[in-house]
Amino acid sequence: MDYQTTLDYLYSQLPMFTRDGPSAFKKDLTNTIELCKRLDNPQDKFKSVHIAGTNGKGSTSHMLAAILQTAGYKTGLYTSPHLKDFRERIRINGEMISEQHVIDFVEKHRSDFEDIKPSFFEMTVGMAFDAFAREKVDIAVIEVGLGGRLDSTNIITPLLSVITNIGWDHMNMLGNTKQLIAGEKAGVIKQGIPVVIGEYQPEVADVFINKAKEENAPLSFASEEWVISKSEVGSQKSEAWQEYIDFQIVKKNSQLTTQNLQLDLPGTYQLKNVKTVLSTVEGLRKQGFIISDEHIKTALKQVKKLTGLHGRWEVLSQHPLTICDTGHNPEGIAEVLKNIENVSYQKLHFVMGVVNDKDIGKILALLPKKAVYYFCKPNIPRGLDADSLKQQAANFGLNGRNYPTVKDAFKAAQINAGENDLVFVGGSTFVVAEVV
């Protein structure tokens, strides 16, 4: 098989969440355990950090990987979903695994797939763990796919567990209260292993505190450990238009001096994630990792360059100003809207698409009524029909036209937007994937 034939096999033969929805989500870890057993349990051959949460886990994973790379550690990074290329999911020191690596792995283990019948995600986790073990990474940053307790990645025994926050997402699988969702995420907390919780949220804090006590796992809340005294978004023209955020941060109740840092992920919501990253770095330092403040400073300036991260408050063009963001649940959209409020523009053109298994009422209720909407369907089976989205949006006073594809909607928005208008693209990771 060549690379494209291999991908076609994976996409068509294995149960896939983006295509099949909840039916592709397995309710136990049996398949992953069996597949990794046949791979000689690669998950036991490298050190790792496990990162769960509703929002921010991707950005947090990439920032942490950038810091570890800069500190000289051979760093694996496993994230999902991908935007353009399947191999974005599995990186070593920022470089995607090779196409040949994917081909060889699938050809070698195809009979195992047909025997075990893993999901697409379970297979991908096996491929990632196998790659990290074979390449002898010093440490791997492993992002949870969905939930935590039953997620395929949860067969690792990490040095640290991280949970960024809890919000409304995947309620049909994780539960219809934040406490139930938190309980699923808390499933990554393991016996004796320190855990960092990104945000202290009063309604779910006890879920984590009680689970950590049960597992005798030292627990900290990053939001309670750090203070950001000043922040400012700026921009500069280098090889391309580059936005960044300058900020000052200091640890509470500490004699440490204030750090002046610059982050090339300019969404202001990233400041929450930075606190999580810094608490995680402190946890790794306690376990013998040599990571200096200069390593942190250098890495945060170039997260995108070091790791290939895209789609987080990313400026696509200047005239008109065009920005995309992968925020796709109520909490994520709320953070996006805060950033939009900080942009100077005359009219907002909102290119929007969603998937069909989300309760989008909470999202639509947040969106500005004065914007012009360009409704579209992301090019995946779970995409919600653009006409249906338009009709539901109208119930919330949101008006616009529907378009047959994301690219048609994006093109129309750019044509209609004036020089001083803002074009925003979002609502789903899969919509952003079609414009970056």
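A few remarks follow.
- Within segment 68-105, being over 15 Å from the mean Cα position of the chain (by Cα), part of a loop (DSSP other than H, G, I, E, B) and within 21 Å of SER152 (Cβ to Cβ) holds for ASP85, ILE97.
- Checking each residue in segment 24-52 for being modelled with pLDDT of 95 or more, not aliphatic (A, V, I, L, M) and not in a helix (DSSP H, G or I) picks out ASP40, ASN41, LYS45, PHE46, LYS47, SER48, HIS50.
- One residue stands out in segment 206-229 among those that are polar (S, T, N, Q) and in a helix (DSSP H, G or I): the one that is most open to solvent (accessible area, probe 1.4 Å), namely ASN210.
- For ILE116, the conditions (1) within 27 Å of GLY327 (Cβ to Cβ); (2) of a type in the set (A, V, I, L, M); (3) touching a helix residue (DSSP H, G or I) at 6+ places or on another chain (Cβ under 6 Å) all hold with the exception of (1).
- The strands (runs of 3 or more DSSP E) falling completely within segment 239-340 that include 2 or more residues that are in contact with a Gly (Cβ under 9 Å, 6 or more places away or on another chain) and not aromatic (Phe, Trp, Tyr) map to 241-251, 321-324.
- Unique residue being under 30 Å from SER279 (Cα atoms) and of a type in the set (Lys, Arg) when the list is LYS108, LYS57: LYS57
- The residues in segment 393-436 that are exposed (fewer than 15 other Cβ atoms within 10 Å of the Cβ), at pLDDT below 95 and not in a loop (DSSP other than H, G, I, E, B) can be counted, and the count is 0.
To keep it simple, each residue is scored yes or no on (1) over 11 Å from VAL432 (Cβ atoms); (2) open to solvent by 10 Å² or more (accessible area, probe 1.4 Å); (3) free of Cβ contacts under 8 Å to residues at least 12 places away in the same chain; (4) not aromatic (Phe, Trp, Tyr).
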residue: ILE296; (1), (2), (3), (4): yes, no, no, yes
residue: LYS301; (1), (2), (3), (4): yes, yes, no, yes
residue: GLU314; (1), (2), (3), (4): no, yes, no, yes
residue: ILE323; (1), (2), (3), (4): no, no, no, yes
residue: PRO330; (1), (2), (3), (4): yes, yes, no, yes
residue: LYS338; (1), (2), (3), (4): yes, yes, no, yes
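- Scope segment 83-105; condition closer than 20 Å to ARG312 by Cα and either among the acidic types (Asp, Glu) or open to solvent by less than 60 Å² (accessible area, probe 1.4 Å) (or both); matching residues: LEU83, ASP85, PHE86, ARG87, GLU88, ARG89, ILE90, ARG91, GLY94, GLU95
The values are calculated or read from the model by the stated rules, or taken from the named source; none is laboratory data. Owing to the predicted nature of the structure, the values given are computational and were not obtained by experimental measurement. Methodologically, a virtual Cβ is constructed for each residue, glycine included, from the backbone with ideal geometry; neighbour enumeration extends over all protein chains shown. Protein only, heavy atoms only, side chains kept; ligands, DNA and RNA dropped before computing areas. Shrake-Rupley method; radii C 1.70, N 1.55, O 1.52, S 1.80 Å.
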